[in-house]
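The values are calculated or read from the model by the stated rules, or taken from the named source; none is laboratory data. Quick caveat, the model's predicted, so the values are computed rather than measured. No Cβ is skipped: glycine too gets one built from the backbone with ideal geometry, and neighbour counts run over all protein chains shown.
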């Protein structure tokens, strides 16, 4: 982290043409660089002449995935690859004395995921003062102001190699050691630009034995900065997690050339060369000695990435034939180790450490086409487009919408965010957690909803306020929860309807849900079944678990509990249902077989049985199905009756309608009677049912 911040516009990078030419075997003119660099993907915003020595400053736009090109070396490498020049890398060796850095300082790294590599070099006897002319010129050529020789070296290496560095006054560090950790709640720090920073545990910081001395990857602290009295220096070189740096930088509203580069990625294996380069330059411009070795606290080094590239794929995408030998040459000039494999059907490419953006074959295809030249590819003015039908998920979802609209429901679109109280009321029981975001603009509603129902209830409340009655609403939308640390997103269907008569409302919603399931699974598919369930947002005796097929739970439905009715200030009882149809929307419905209508009449018998209150309709239906009645065509729920006086407390009368038919002849009542007796006996044995006279 450089100790001074005078960055160019953070979407672009200032580059000196003379500085680039120091790393090319043949110099390139300003005009040539202004043509070559945009041709390989770096748009030129502005070119400015600097003095009379032929230098010019190019303001180049660097895309966010090209962290390797926010450096002079990176852009020189691109120029060399595009023009056939040879890249000349700087000498990154350092001369050291016998004394070991590990005898002077130590580094503790408690956050290896956020800081996979941290190193500290020690320099003694350095004299801080003005920079020599050559260093000043290089620093000023990219728009920075010279501060002193030590700070200017770190800025020089920052621009040269793209590696942010920071120098601490060793004497000002408590116990002369470094601790990489997350900030503690309430910790504060004054940055080198004078900003008063309040830190929190989400921020990675560099601390000494007691207090923060730098915000990792963003900016150093004022208390330990280099001054004219500094003689001993701790030189920091590290790699930090790009998301961590980005989040911290935006939270603190603090931006720097360091954060700009760390946000784009710095590979741990490129850090040590930059530290050695800076240490040697500091000794050249400020004297002193460098202690032997670096004190390193790092995670295990990552494996080098290999990506296979098929030449045939490159030609297919480009639309032109590019010789394989040409591809090998281009990739080699970009710093890759390449070798043919699989009988020349593919090129094995060893990706250099600095190219974090190259992870897939398509990335290498783009690299070859970039260097080949987009201007050499003939444009195609006619394109064949194959028109395909709508996705099955869209078609099935529209069919569900038509069913609901035909049942009097209106589709709504609500926000995905909810307040914590509403979301908590509909959080599934168990080890589920709410998923919230950190956004100062959404303080009231920063929770991603775990259910669509509370959003529909808020909509119902607004309809109530304007006097609308008999409201029926539905919505397809995403819901979010966290389970065992994993973020889960699923698309649900939810519906609500007014139910002044709760029993009638439940029966109607059951019919609507039957129609919805029949729409997505087809008439030949498994039917919807229900079982009692206890969920905190439903009334104790008015909730059902929805099942399809082999006991696969797809959702729930029921009367809202009095507590939820009160929370949303609803005056009318509401029935709600929510189900996940994703697995079924992507499959074609099973429409079954069409059968001719029987020409023989059916016999229907209504059977009223008295059972204990806990006995569910699903149990009665299951017992009838297991009775294996040869003439039974269907069984339906017909009605429910409760009367403590006539039936007794804790008991209820359930009426079921049995339909019998023989497809070959007309049935007689004497043939049905034995099957009715079988049903009564099985119900009595398995549910304790008594026939109501």
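Considering only residues that are assigned to a loop (DSSP other than H, G, I, E, B) and farther than 12 Å from residue 371 by Cβ, which ones fall in the stretch 316-335? Can you show your working first?
Of the stretch 316-335, the ones assigned to a loop (DSSP other than H, G, I, E, B) are 319-323, 334-335.
If the condition is that a residue be assigned to a loop (DSSP other than H, G, I, E, B) and farther than 12 Å from residue 371 by Cβ, then 319, 320, 321, 323, 335 are the ones that fit.
Of the conditions (1) more than 34 Å from the chain's Cα centre (by Cα); (2) at pLDDT below 95; (3) farther than 20 Å from residue 21 by Cα, residue 137 fails just one. Which one is it?
Of (1) more than 34 Å from the chain's Cα centre (by Cα); (2) at pLDDT below 95; (3) farther than 20 Å from residue 21 by Cα, only one is false for residue 137: (3).
Listed residues 374, 426, 381; which is under 30 Å from residue 311 (Cβ atoms) and either touching a helix residue (DSSP H, G or I) at 6+ places or on another chain (Cβ under 8 Å) or assigned by TED's automatic domain parsing to the domain that holds residue 312 (or both)?
On the way: 426 fails: under 30 Å from residue 311 (Cβ atoms); 381 fails: either touching a helix residue (DSSP H, G or I) at 6+ places or on another chain (Cβ under 8 Å) or assigned by TED's automatic domain parsing to the domain that holds residue 312 (or both).
Exactly one of 374, 426, 381 is under 30 Å from residue 311 (Cβ atoms) and either touching a helix residue (DSSP H, G or I) at 6+ places or on another chain (Cβ under 8 Å) or assigned by TED's automatic domain parsing to the domain that holds residue 312 (or both), namely 374.
Looking at 516, 453, which is the one that is modelled with pLDDT of 95 or more, under 15 Å from residue 555 (Cα atoms) and under 36 Å from the mean Cα position of the chain (by Cα)? Give the derivation first.
Details: 516 fails: modelled with pLDDT of 95 or more.
From the options 516, 453, the qualifying one is 453.
May I ask you to verify whether residue 72 is at pLDDT 95 or above and under 28 Å from residue 271 (Cα atoms)?
It is true that residue 72 is at pLDDT 95 or above and under 28 Å from residue 271 (Cα atoms).
How about the stretch 12-71: which of its residues are in contact with a helix residue (DSSP H, G or I) (Cβ under 6 Å, 6 or more places away or on another chain), in a loop (DSSP other than H, G, I, E, B), farther than 22 Å from residue 374 by Cα and touching a residue at least 60 places away in the same chain (Cβ under 8 Å)?
23, 70, 71
On the basis of being within 52 Å of the chain's Cα centre (by Cα), under 24 Å from residue 549 (Cα atoms) and assigned to a helix (DSSP H, G or I), does residue 624 make the cut? Break it down into steps so the answer makes sense when it comes.
On the way: within 52 Å of the chain's Cα centre (by Cα): yes; under 24 Å from residue 549 (Cα atoms): yes; assigned to a helix (DSSP H, G or I): yes.
Answer is yes for this residue.
Looking at 543, 494, which is the one that is assigned by TED's automatic domain parsing to the domain that holds residue 580, buried (at least 20 other Cβ atoms within 10 Å of the Cβ) and modelled with pLDDT under 90? Lay out the reasoning, then the answer.
Numbers: 494 fails: modelled with pLDDT under 90.
Just one listed residue meets the conditions, 543.
Could you identify the single residue in 271, 285 that is over 22 Å from residue 111 (Cα atoms) and in contact (Cβ under 8 Å) with a residue 40 or more places away in the chain?
Working: 271 fails: over 22 Å from residue 111 (Cα atoms).
Just one listed residue meets the conditions, 285.
Just for strands (runs of 3 or more DSSP E) wholly inside the stretch 91-179: which have at least 1 residues that are within 20 Å of residue 224 (Cβ to Cβ)? Give the derivation first.
Working: elements: 97-100, 107-109, 117-124, 165-169.
Correct list: 107-109, 117-124, 165-169.
What are the residues in the stretch 371-397 that are assigned to a helix (DSSP H, G or I) and surrounded by 10 or more Cβ atoms within 10 Å (Cβ to Cβ), if any?
Pass one, the stretch 371-397, residues assigned to a helix (DSSP H, G or I): 371-372, 374-376, 392-397.
The answer is 371, 372, 374, 376, 392, 393, 394, 395, 396, 397.
In the stretch 638-673, what count of residues is obtained for those that are within 29 Å of residue 601 (Cβ to Cβ) and touching a residue at least 40 places away in the same chain (Cβ under 8 Å)? Steps first, please.
Residues of the stretch 638-673 that are within 29 Å of residue 601 (Cβ to Cβ), as a first pass: 638-641, 653-673.
From what is left, the residues that are touching a residue at least 40 places away in the same chain (Cβ under 8 Å) are 640, 653-667, 669, 671-672.
Residues meeting the conditions: 19.
In the stretch 301-331, what count of residues is obtained for those that are within 24 Å of residue 269 (Cβ to Cβ), touching a helix residue (DSSP H, G or I) at 6+ places or on another chain (Cβ under 8 Å) and surrounded by 14 or more Cβ atoms within 10 Å (Cβ to Cβ)?
5
Residue-by-condition table, conditions (1) in contact with a helix residue (DSSP H, G or I) (Cβ under 7 Å, 6 or more places away or on another chain); (2) buried (at least 22 other Cβ atoms within 10 Å of the Cβ); (3) at negative phi; (4) not assigned by TED's automatic domain parsing to the domain that holds residue 259:
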position: 138; (1), (2), (3), (4): yes, yes, yes, no
position: 147; (1), (2), (3), (4): no, no, yes, no
position: 154; (1), (2), (3), (4): yes, yes, yes, no
position: 162; (1), (2), (3), (4): yes, yes, no, no
position: 174; (1), (2), (3), (4): no, no, yes, no
position: 177; (1), (2), (3), (4): no, no, yes, no
position: 195; (1), (2), (3), (4): no, no, yes, no
position: 212; (1), (2), (3), (4): no, yes, yes, no
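Mind listing just one residue for me: the one in the stretch 497-506 that is in a helix (DSSP H, G or I) and touching a residue at least 40 places away in the same chain (Cβ under 8 Å) and, of those, surrounded by the fewest Cβ atoms within 10 Å (Cβ to Cβ)? Reasoning before the result, please.
The initial filter retains those residues of the stretch 497-506 that are in a helix (DSSP H, G or I), namely 502-506.
Within this subset, residues satisfying the condition of being touching a residue at least 40 places away in the same chain (Cβ under 8 Å) are 502-503, 505-506.
On the way: 502: 17, 503: 12, 505: 19, 506: 20.
Ranking the candidates gives 503 first.
Restricting to the stretch 291-300, and then to whatever is in contact (Cβ under 8 Å) with a residue 40 or more places away in the chain and more than 13 Å from residue 108 (Cα to Cα), can you tell me which residue is surrounded by the fewest Cβ atoms within 10 Å (Cβ to Cβ)?
Initial filter on the stretch 291-300 (in contact (Cβ under 8 Å) with a residue 40 or more places away in the chain): 291-299.
Of the ones still in play, those that are also more than 13 Å from residue 108 (Cα to Cα) are 291-294.
Working: 291: 22, 292: 17, 293: 15, 294: 23.
Within the stretch 291-300, the match that is surrounded by the fewest Cβ atoms within 10 Å (Cβ to Cβ) is 293.
Can you tell me which residue in the stretch 603-619 is surrounded by the most Cβ atoms within 10 Å (Cβ to Cβ), limited to those that are in contact with a strand residue (DSSP E or B) (Cβ under 6 Å, 6 or more places away or on another chain) and in a helix (DSSP H, G or I)?
Ranking the qualifying residues of the stretch 603-619, first place goes to 617.
Under the condition of being crowded, with 19+ Cβ neighbours inside 10 Å and out of contact with any helix residue (DSSP H, G or I) (no Cβ under 7 Å at 6 or more places or on another chain), which residue from the stretch 223-249 is nearest to residue 161 (Cα to Cα)?
From the stretch 223-249, those crowded, with 19+ Cβ neighbours inside 10 Å are 224-226, 230, 232-242, 244-245, 248-249; that's our starting set.
Imposing the further condition that a residue be out of contact with any helix residue (DSSP H, G or I) (no Cβ under 7 Å at 6 or more places or on another chain) reduces the set to 225, 230, 236, 241, 244, 248.
Numbers: 225: 22, 230: 26, 236: 15, 241: 18, 244: 22, 248: 24 Å.
Across the stretch 223-249, the extreme among qualifying residues is 236.
Evaluate the following for residue 281: is it in the same structural domain as residue 103 (by TED's automatic domain parsing), buried (at least 18 other Cβ atoms within 10 Å of the Cβ), outside any helix (DSSP H, G or I) and in contact with a helix residue (DSSP H, G or I) (Cβ under 6 Å, 6 or more places away or on another chain)?
Numbers: in the same structural domain as residue 103 (by TED's automatic domain parsing): yes; buried (at least 18 other Cβ atoms within 10 Å of the Cβ): yes; outside any helix (DSSP H, G or I): no; in contact with a helix residue (DSSP H, G or I) (Cβ under 6 Å, 6 or more places away or on another chain): yes.
The answer is no for residue 281.
Within the stretch 564-587, can you find the residues that are loosely packed, with under 12 Cβ neighbours inside 10 Å and either under 32 Å from the mean Cα position of the chain (by Cα) or without any contact (Cβ under 8 Å) to a residue 60 or more places away in the chain (or both)?
Matches in the stretch 564-587: 566 only.
Just one of 634, 653 is assigned to a strand (DSSP E or B), buried (at least 17 other Cβ atoms within 10 Å of the Cβ) and at pLDDT 85 or above; which is it?
After applying the criteria, what remains is 653.
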